[in-house]
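Have a look at the structure below before the remarks.
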Amino acid sequence: MSFMNKKLFRAVLGVTMVFAFAIPAAAQEAKIGFVSLQAVVERAPQTQAVMEALTEEFAPQEREIVSKRKEIEDLQAKVQKDLAVMGETERRNAEKNLRELGRDFERLRTEYQEDSNLRQNEEIAQLQRAILKEVQDYAAAQGYDLIFGDGLLYVSNAMNITEDVLKAVIANYEASQ
């Protein structure tokens, strides 16, 4: 090796040694945690409140669907009962009414399902954003340097702060009530 190559090799080796010893020391000082956002969202009181509000919001549509189903069942029972005494035209009209009611029922049920799913997805997304903000606030307040989420394959219980974050989420929710 030439004189310059030896100097360069020693310099690179020196910098590598400094980093090799400095990185583990810095890593030991870093405070790292893990939070299962899924678990927090599922168990947070806000989730229950959102679900109750959505149930209340969609109760009128649900009652309408139940009423339409009852109407169809009553008409089917009447047609079955009177089938023997009905004329051909009367029977065709009754079957046509049943088909129309069935289509109305399916349309109502489909609209309800779509509207309900859309609203639920909107509310859950908003809730997830709020809980993520709470995780960030908690991590900053507790001095964490790094918080991992659900994308891990393994995390020890010592690093899992899900329960602590959930307690903070519940406390903040109760304080706002």
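The values are calculated or read from the model by the stated rules, or taken from the named source; none is laboratory data. As the structure is a computational prediction, the values presented were derived from the model and not from experiment. Here the Cβ positions follow ideal geometry from the backbone for every residue, glycine too, while neighbour counts run over all protein chains shown.
General observations
- Among the helices (runs of 4 or more DSSP H) confined to segment 1-83, the ones with at least 3 residues that are under 36 Å from the mean Cα position of the chain (by Cα) and at pLDDT 85 or above are located at 37-43, 45-57, 59-82.
- The residue that is surrounded by the fewest Cβ atoms within 10 Å (Cβ to Cβ), counting only those in segment 139-176 that are in contact with a Pro (Cβ under 9 Å, 6 or more places away or on another chain) and not β-branched (Val, Ile, Thr), is 174.
- First in segment 57-79 and more than 11 Å from residue 104 (Cβ to Cβ) and basic (Lys, Arg), second anywhere and assigned to a helix (DSSP H, G or I) and modelled with pLDDT under 90, Cβ under 9 Å, 6 or more apart: 78/94
- Among all positions in segment 92-100, there is no residue which is of a type in the set (D, E, K, R), in contact with a Lys or Arg (Cβ under 9 Å, 6 or more places away or on another chain) and either assigned to a helix (DSSP H, G or I) or more than 30 Å from residue 127 (Cα to Cα) (or both).
- Condition met for residue 94 (at pLDDT below 90, surrounded by 14 or more Cβ atoms within 10 Å (Cβ to Cβ) and either small (Gly, Ala, Ser) or in contact with a Leu (Cβ under 6 Å, 6 or more places away or on another chain) (or both)): yes
- If you check 144, 112 for being among the hydroxyl-bearing types (Ser, Thr, Tyr), at pLDDT below 95 and either over 15 Å from residue 43 (Cα atoms) or part of a helix (DSSP H, G or I) (or both), only one passes: 144.
- Segment 79-137, residues that are closer than 26 Å to residue 61 by Cα and basic (Lys, Arg): 96, 99, 103, 107, 109, 119
- Those residues of segment 148-173 which are touching a residue at least 60 places away in the same chain (Cβ under 8 Å), farther than 11 Å from residue 37 by Cα and within 21 Å of the chain's Cα centre (by Cα), in sequence order: 152, 160, 169, 170, 173
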